[in-house]
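The values are calculated or read from the model by the stated rules, or taken from the named source; none is laboratory data. None of these values were measured; they are calculated from a predicted model. Neighbour counts are summed over all protein chains in view; Cβ atoms, including those assigned to glycine, are modelled from backbone coordinates with ideal geometry.
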């Protein structure tokens, strides 16, 4: 069993090694490099062979021009001129090594033994060549019985007074050139395995170096845990694909870190917010259970518990709504919507609470601000903003709601401004965070669930808009929401008539 386990382990390692990216890159590199070297070797061999054969052909052309000066045909017999010195004798000896002279009928008049071993030309070939124009020749390749190759040049030679033509053929051996080509080819392909081995080693090293950043990414991904999301890989500074991969990986870990931090903060906030009303309910019920003696005491305990249960239900409903919104389960039902019409309806609903607090609630509406939006969510947005404005504005203050076009014609705006207590500068960056609640500057109390503005922020983002806030302690706060128009829509007649009737003269939002 142990032997089988070890064998299986070795087999698994081999499979991993063969399937590894480094091995496959090296194999591909070596394969194409070997093909390239083989192609270069074959091409060089062909070029060398052609060049050497061209040299033999050039020598054969020189012999062809020389033999016509040394041989003449007299009385149907070839006559060689007498060589006087050693150089001329050497030339004549070279010319006589491979040659053949025949008449029109193919009868051999003179020849060398070497040409005889190659085989005499046939009578039809001889007669065809004798009909060639003056100066025209042709080449042929032949081999002797031992396989030695020869290059043969064939043409015709004029007899006495140019009255008759005689067949002439000369040749030179290609053995030396073929041996040279074969020797160099053999040496090259003997060296080729060594070159391929060196290229394999070099390819393995280059592949390992190229895949180093990938291994770093893999190791970093392996080391990342929920508590170690701050890990980053330093870029190489090369600006290549691997650097882009590293940058993308670092951005991904940053997003994951932010998401995990939001989840952790959300879990902490939820547990804290739910623990408070649950503790209060439990305390009140325990007090009632152990100390209450009359019906009124029990009724009071139950009433207080119900108030805490209602607060707990509000928290759960708000959290469920936010969860559905952020997970995409809360789909928007967009339709052409006149913001002025919606704002006037919401302002009318808040008139009684505003009067109870002795507040002046004013609307400044520019008709015709139509946007594609979900009416329910836009109503919730304006209601949340207006509720906060009324809640945090002292008696005698004012709240304004403005609707009109923005600086850009592609957006329409909604502003809710109050003359209330304001928001501290250090709180402004966090007011849209879930469960973040601002301490009232006058009462030093914290109230609310801290979820309303979070939902407002989601509604604006879901509609493709943006929200800005400006506030000064003791002077008031202004929320400004910009929503994309997405095309021009005519305002409904009823909405336009109502807006023109109830709205005070307005100006564009800036």
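What the table below lists for this structure:
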{"item": "Condition broken by residue 91, with the remaining ones in (1) without any contact (Cβ under 8 Å) to a residue 40 or more places away in the chain; (2) over 16 Å from residue 169 (Cβ atoms); (3) surrounded by fewer than 17 Cβ atoms within 10 Å (Cβ to Cβ) satisfied", "result": "(3)"}
{"item": "Any chance residue 467 is modelled with pLDDT of 85 or more and assigned by TED's automatic domain parsing to the domain that holds residue 364", "result": "yes"}
{"item": "For residue 129: the one exception among (1) assigned by TED's automatic domain parsing to the domain that holds residue 53; (2) assigned to a helix (DSSP H, G or I); (3) surrounded by fewer than 18 Cβ atoms within 10 Å (Cβ to Cβ)", "result": "(3)"}
{"item": "Residue that is farthest from residue 196 (Cα to Cα) [pool: residues in region 53-63 that are surrounded by fewer than 17 Cβ atoms within 10 Å (Cβ to Cβ) and in contact (Cβ under 8 Å) with a residue 40 or more places away in the chain]", "result": "61"}
{"item": "Members of region 105-116 found to be in contact with a strand residue (DSSP E or B) (Cβ under 7 Å, 6 or more places away or on another chain), within 25 Å of residue 163 (Cα to Cα) and in contact (Cβ under 8 Å) with a residue 24 or more places away in the chain, listed by number", "result": "109, 110"}
{"item": "Options 151, 168, 109: the member that is over 30 Å from residue 182 (Cα atoms) and touching a helix residue (DSSP H, G or I) at 6+ places or on another chain (Cβ under 8 Å)", "result": "168"}
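For every residue, the table says whether it meets (1) over 16 Å from residue 60 (Cβ atoms); (2) at pLDDT 90 or above.
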position: 83; (1), (2): yes, no
position: 86; (1), (2): yes, no
position: 91; (1), (2): no, no
position: 97; (1), (2): no, yes
position: 102; (1), (2): yes, yes
position: 110; (1), (2): yes, yes
position: 116; (1), (2): yes, yes
position: 119; (1), (2): yes, yes
position: 126; (1), (2): yes, yes
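Rundown of residues vs (1) over 39 Å from the mean Cα position of the chain (by Cα); (2) buried (at least 20 other Cβ atoms within 10 Å of the Cβ); (3) part of a loop (DSSP other than H, G, I, E, B); (4) at pLDDT 90 or above, yes/no style:
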| residue | (1), (2), (3), (4) |
| --- | --- |
| 407 | no, no, yes, no |
| 414 | yes, yes, no, yes |
| 425 | yes, no, yes, no |
| 436 | yes, no, yes, no |
| 440 | yes, no, yes, no |
